[in-house]
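Please read the structure below before turning to the comments.
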Amino acid sequence: MFDFLTEKFSSIFSSFTRQNHLTQQNMQSILEQVKDALIEADVSYDTVQAFANEVQQEVVGKKIISGLRPSDQFIKIVYDKMVAFLGGAATQETFTFQIPSVICVMGLQGSGKTTTIGKLAYFIKNQAEKRGKSRKILCASIDFYRPAAIDQLEQVARGVGVDFYRSSSMQPQDAARDIISYFKKQGYEHLLFDTAGRLHVDEQMMQELASVKAIIEPKYSFLVLDSMTGQQSLAVATDFLNRIGFDGAILSKMDSDTRAGAAFAFRYELKKPICFMGVGEKFDQLELFRPERIAKRMLGMGDILTLVENAQEKIKQSEQESIARSIASGNITLNDFSKQLDMMAKLGSIGTILKFLPGAGQLKLSDQDLYRGEQEMKRFKAVLSSMTLRERQMPDLLDASRKKRIALGAGVDVTVVNLLLQRFEQSKQFVKLLKKNRFFK
Ligand SMILES: Nc1nc2c(ncn2[C@@H]2O[C@H](COP(=O)(O)OP(=O)(O)O)[C@@H](O)[C@H]2O)c(=O)[nH]1
Ligand SMILES: [Mg+2]
């Protein structure tokens, strides 16, 4: 997600963070590079220019804060502006749908409406369940244009475990009235209403949608926008906004190879929030759109990056290079493993390292676990240092008698030697993860 912008921005700013002085010249050069990256991400020229102007004005008006390097301060300004562009700092932790409510999704064909209905149903259901509650949720559709569209929604509803209703009418307005009356009569709390999409915005579609919207009076109406489509999708969004109106957008397919230009420009150009984003085809792959988090990700300021920065300061270039070489050759030896342990020791405790790794928060390691982990690392160091270089390079040599000798030398039980070899196998996976996060770049 956002790989394109993240890569651009992190390379622009990582060269910049090493400079202590903020001059008119280097600031201009950075801003030009930022503008180029945004243009390449398919953000319109006007929006890019507006963004750059706002950053510049902010810089001019700002006093230099002592203790903060000017380059850092500049990046902070860019970050703050990005948050503002993307929709501002979040005031709410989550999105709460009122009860009762009709929730309507619209958008072009294939933008992800039906899938999004399933995700929203799951989101509402899941949120309620977390608080020990349940919700009566109904899904219905008036997409009569594609033969299997309504069947698809029926399957989606079944998959999520919510109700589905099919009107006997095939005329959009009549069906809409029928659905609404069923929704009310049966005492449902939420109606998720799927609409028809065309391949392009057309007159008939817009008129039909406008009249249906007047019938169902949705409390929430979302435009589902395929994030793959870039600037072009904003033209579609503008048309929907002017002709029908919506409360917010849901950007779908953010997991795909999108350059994220639409995400960047949507709020600024449409003056409407992006509320959610779809990050996969499954029901649980819907996330709240959080401008702060997105700006951080785009700038490559995620926690991983913090770890990388800490690491780069502390780890000598040569060590990194030699490990990088063996990774590149696909040939990791116990020697590298030993260096890895050293690197980890330099980074701080296992607890500190874990804090930076995404998803590690869910591991719920107790202090005791961490202590045990660190003890284990120390024993491993001892084991490794009682091996010969050849043994470290060719772990296959380690037969029972060698293991015994090594264990003796390290003052540990043979089981520790075996455990180390097991961990070594696992560490190959760890290396893959770090490599994926460009740890060794
Ligand atoms: N990768 C990915 N695919 C998605 C996402 N949302 C929808 N899709 C896929 O996009 C296609 C069209 O989705 P659908 O819901 O049928 O679109 P609709 O015509 O607007 O109702 C389907 O193949 C979906 O699985 C998403 O967030 N990520
Ligand atoms: Mg559909």
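Quick rundown of the values:
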item	result
Residue within region 419-427 that is touching a Phe, Trp or Tyr at 6+ places or on another chain (Cβ under 8 Å), under 30 Å from residue 300 (Cβ atoms) and modelled with pLDDT of 65 or more present	yes
Check on residue 78, away from ligand 1 (no atom under 16 Å from the Cβ) and in a strand (DSSP E or B)	no
One residue from 161, 88 being surrounded by fewer than 21 Cβ atoms within 10 Å (Cβ to Cβ), more than 22 Å from residue 253 (Cα to Cα) and under 22 Å from the mean Cα position of the chain (by Cα)	88
Among the residues listed as 43, 48, 34, the single one being more than 30 Å from residue 179 (Cβ to Cβ), outside any helix (DSSP H, G or I), outside the structural domain of residue 202 (by TED's automatic domain parsing) and at pLDDT 85 or above	43
Test: residue 145 is within 11 Å of ligand 1 (Cβ to nearest atom) and either surrounded by fewer than 14 Cβ atoms within 10 Å (Cβ to Cβ) or touching a residue at least 40 places away in the same chain (Cβ under 8 Å) (or both)	yes
Residue that is at pLDDT below 80 and part of a loop (DSSP other than H, G, I, E, B), where the choices are 370, 307, 365	365
Any hit, region 174-188, residues being of a type outside the set (A, V, I, L, M, F, W, C), buried (at least 18 other Cβ atoms within 10 Å of the Cβ), more than 16 Å from ligand 1 (Cβ to nearest atom) and farther than 13 Å from residue 215 by Cα	yes
Test: residue in region 76-96 that is over 27 Å from residue 238 (Cα atoms) and at pLDDT 95 or above	no
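Here is a yes/no grid of residues against (1) part of a loop (DSSP other than H, G, I, E, B); (2) outside the structural domain of residue 111 (by TED's automatic domain parsing); (3) within 30 Å of residue 158 (Cα to Cα); (4) among the hydroxyl-bearing types (Ser, Thr, Tyr):
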| site | (1), (2), (3), (4) |
| --- | --- |
| 199 | yes, no, yes, no |
| 209 | no, no, yes, no |
| 214 | no, no, yes, no |
| 218 | yes, no, yes, no |
| 235 | no, no, no, no |
| 267 | no, no, no, no |
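The values are calculated or read from the model by the stated rules, or taken from the named source; none is laboratory data. Given the structure is predicted, the values throughout are model-derived calculations rather than measurements. A quick note on method: Cβ atoms are made from the backbone with ideal geometry, for glycine too, and the neighbour counts reach across all protein chains shown.
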